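Notes follow the structure.
The values are calculated or read from the model by the stated rules, or taken from the named source; none is laboratory data. This one's a predicted model, so the numbers in the text were calculated from it and none came from an experiment. Here Cβ is always computed from backbone atoms with ideal geometry, including for glycine, and neighbour counts include all displayed protein chains. Remember, those area values only see protein heavy atoms, side chains included, never the ligands or the DNA or RNA. Shrake-Rupley method; radii C 1.70, N 1.55, O 1.52, S 1.80 Å.
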Amino acid sequence: MAGRFAHLRVILAIAILTLFTIIWMGMLLIFAVGGIQQAVADRGQIAGGGQAALFAAAGRRYLPLRPYLPIGEPVGYIADQPAEDSGYVRALYTLPPAVIVEGAACCDLAIGDFSSSAAAADFVARDVWRLSADLGDGLVLLERAGRTP
Amino acid sequence: MSAPLPGILAGLILPEIVGLLLAYAIYPSWRRLPDGRALWVLVAAGGGVGLTACLFFWGLVALGPALPATLALELGLLALAAGAAFWRARRRGTPADIPPDPRPAPPHGLYGRLLTGTFALALALSGLFSIAAFTYEPHGRWDAYAIWNLRARYLFGGGDQWRAGFDPALAWTHPDYPLLLPGSVARLWLYSGEATTLAPILVGGLFTVLTVGLLVAGVNALRGREAALWAGLMLVGTITFVQHGVYQYADVPLSSLILAAVVLLTAYLRRGEAGLLVLAGGMAGFAAWTKNEGLLFLLSSAAVLGVWSLRRGGLGQAGRELGGFLLGALPALLTVLLFKLTLAPPNDLVSGQGAETAALLTDPARLLSIITAFIDGILGLGVGTPLVLAIYSALVGGRHFRAEYRVPIAILGGVLAGYVLVYLTTPHDLAWHLETSLERLLVHLWPAALFLFFLIVPPPAEAWRARRGAASRAAARFS
């Protein structure tokens with residue numbers, strides 16, 4: 001009797017493992033198909049969306065700043081977008097060895113990353129910053145007013 | 001994407017050759033392990049990447065990020081490795097006569113074909129998923145471009161100013177994290193001449209494939225082919241593991257090096273060949289150069305091995321075994337020391353300790369919530385794989401436990417206890433810290449845990465044969 005139970009236990013163990021393997025193979029298939037669908041969708045909208053396009057656009061936007069950035073001195077980053085939508089991390093990723101810090105309390109120089117040139121001009125007009133360089137499309141380098149160059 | 005490929009391939013092949021030569025020089029008896037040559041190639045790949053990442057950092061500190069300097073150092077290492085392998089080949093005497101372990105028959109017939117086919121299909125599906133994910137997220141997930149690849153960009157593109165990547169103003173990007181992964185990526189960028197996404201993708205993919213390969217080859221060498229295929233299936237089926245492989249985080253490289261160290265250490269404890277112990281130490285050292293958690297693994301390994309040796313053979317044996325293990329870890333350990341003492345800012349978890357630490361340590365509610373989170377995390381890993389394996393193990397019986405398995409089990413237990421301690425004393429919000437990191441910490445130990453599970457618990461056909469054998473013996477006794 002005990003031997004039969006032991007037999008049944010082994011059969012049950014094997015059945016559970018086999019069933020589980022079939023289930024996760026199905027899930028792996030769903031993941032693979034989902035991944036391919038997303039990859040194809042991203043390729044379709046490569047100009048507007050997708051991570052590769054986002055980082056490529058960040059390269060085009062921020063790289064012209066590089067000659068203006070100081071060496072060995074942190075630079076602030078100000079944007080008119082909420083933190084989670086801002087380009088801060090992509091700017092940091094694009095511009096090494098520049099050290100870019102989110103916010104502006106730290107520094108006498110700051111990157112201004114605005115949604116338009118008008119928004120950048122508006123910010124300069126009402127704050128303690130003056131324009132150091134205008135790279136167009138709302139991207140500016142700002143200098144704290146009163147800073148000795 | 002194709003222009004930098006030759007440079008990247010050259011940068012990947014060189015560590016493999018260095019690894020093969022050094023792994024042979026340290027342990028020339030790979031062929032005496034069942035299918036040991038596969039294990040040799042896989043250990044060499046992980047070790048080669050680890051060693052070149054250490055050398056890259058030394059070169060960076062001494063000479064700055066330049067391809068000629070990196071190439072000269074690596075060709076020097078290659079010559080050294082070739083010399084060591086040549087010396088070993090000439091000096092090699094008759095290897096010690098170690099009787100082979102009894103191995104169950106490999107799976108055959110329809111079951112064997114089904115098992116092999118299912119494993120191949122699982123590999124193909126996870127490969128498809130990985131390629132798709134690399135296509136739509138070529139820069140990886142958040143930690144990849146905010147920590148690991150970001151650091152690589154400072155090492156590669158920083159010129160004389162590469163140290164700027166460790167500025168305290170960037171504390172939120174964890175500049176105190178060790179540099180095996182960023183160093184390997186930056187090294188490949190130097191070889192290819194540009195910061196292409198192909199480099200981190202290939203490094204991430206390499207370590208994911210290495211982990212699966214090491215698990216299968218390790219279980220095959222020490223337990224047999226059926227258990228090896230099931231172990232590989234369970235790892236590939238842990239979708240969390242495959243996902244972390246494509247995120248370009250350092251967690252899968254760390255899990256790969258932890259697994260390699262555990263496999264080599266278990267093989268040493270079984271066979272007593274010192275070369276395996278030195279290589280295990282080397283892999284544990286490279287784990288410490290991958291993540292701070294790898295340092296914890298190295299500490300746990302050294303402590304458990306020391307206590308085990310002391311109890312088995314006294315102070316002399318403990319000194320010899322610990323010495324051999326730490327000798328292997330030395331190149332990485334010196335690199336970690338150089339980094340931590342000269343460049344890395346303080347770690348947030350360490351510097352955040354203060355007067356309230358004692359209160360945190362003795363808060364039972366906090367400990368309970370950590371343990372609950374660990375149990376939830378372990379049982380839910382993948383699609384509940386650990387729970388299913390626990391049920392399988394309880395039902396199937398017939399375990400093959402050997403005394404020396406206590407060592408790797410205690411090492412992994414020590415690392416888990418360390419993780420609990422870190423959570424207990426974390427200066428961050430506990431719920432947030434658990435939510436954002438626990439799954440990755442479990443991924444570190446999961447391949448090594450699967451390795452030990454399939455060494456101990458018989459796979460289905462073997463369990464079935466053992467059960468039938470027991471039944472027929474019982475029937476013979478009664479007749």
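Each label point is 7 Å from the Cα along the Cα-to-Cβ direction; what then is the distance between the points at B:Asp363 and B:Asp429, in nm?
A separation of 1.4 nm, rounded to one decimal place.
For the range B:458-465, in order, what is each residue's ³J(HN,Hα) by Karplus, 6.51 cos²θ - 1.76 cosθ + 1.60 with θ = phi - 60°, in whole Hz (x at glycine and Pro)?
Using θ = phi - 60°, the values come out as x, x, x, 5, 5, 5, 5, 4 Hz.
What whole-number value in Å² describes the accessible area per residue of the range B:357-418 for a 1.4 Å probe? Don't skip to the answer; put the middle values down first.
Details: 2940 Å² over 62 residues.
Normalised by residue count, the accessible surface of the range B:357-418 is 47 Å².
For the range B:116-123, take each phi angle, set θ = phi - 60°, evaluate the Karplus expression 6.51 cos²θ - 1.76 cosθ + 1.60, and give the result in whole Hz per residue in order, putting x for glycine and proline.
5, x, 5, 5, 5, 5, 4, 4
Could you provide, to the nearest whole Å², the per residue accessible area of the range A:63-144 with probe 1.4 Å?
Heavy-atom SASA per residue in the range A:63-144 reads 44 Å².
Considering Cα pairs under 8 angstrom that are at least six residues apart, work out the relative contact order of chain B and quote it in whole percent.
Numbers: 655 pairs, mean separation 88.0, N = 479.
Once normalised by length, the contact order is 18 percent.
Sorted by accessible area (1.4 Å probe), largest first, how do A:Arg4, A:Arg66 line up?
A:Arg4, A:Arg66
Can you pull the mean other chain C-beta count within 10 Å for peptide B:391-403? Write down the numbers at each step before the final one.
Numbers: counts 5, 7, 1, 2, 11, 9, 4, 2, 0, 0, 0, 0, 0.
Across B:391-403, the average partner-chain Cβ count within 10 Å equals 3.
I need to check one value: relative contact order of the range B:9-86, counting alpha carbon pairs closer than 8 Å and at least 6 residues apart, in percent.
43 percent
Can you give me the Kirkwood hydrodynamic radius for chain B, using every pair of distinct Cα atoms, in Å to one decimal?
After inverting the pairwise mean of 1/r, the radius is 23.3 Å.
Using amide H atoms built in the peptide plane, which far-off residues or other-chain residues are under 5 Å from A:Ser132 H to H?
Sorted by chain and number, the residues that satisfy this are A:Leu141, A:Leu142, A:Glu143.
For B:Thr426, B:Thr357, B:Thr436, give the ranking by accessible area with the largest first, probe 1.4 Å.
B:Thr436, B:Thr357, B:Thr426
Given points 7 Å out from each Cα along the Cα-Cβ axis, report the B:Leu327 to B:Leu5 separation in nanometres with one decimal.
That separation, rounded to one decimal, is 4.3 nm.
Dipole magnitude of the protein assembly as shown about its Cα centre, charges +1 at Lys/Arg Cβ and -1 at Asp/Glu Cβ only, in debye to the nearest 20?
Details: 44 positive and 38 negative charges, 710 e Å.
Value, rounded to 20: 3420 debye.
Return the average number of partner chain Cβ atoms within 10 angstrom of each residue Cβ along peptide B:125-135.
So the per-residue partner count for this stretch is 6.
Which order do A:Cys106, B:Cys54 take by accessible area at a 1.4 Å probe, largest first?
The most accessible residue leads, giving A:Cys106, B:Cys54.
Which value in nm describes the separation of the simple spin-label points at B:His108 and B:Leu343, placed 7 Å from the Cα toward the beta carbon?
Modelled inter-label distance: 5.5 nm.
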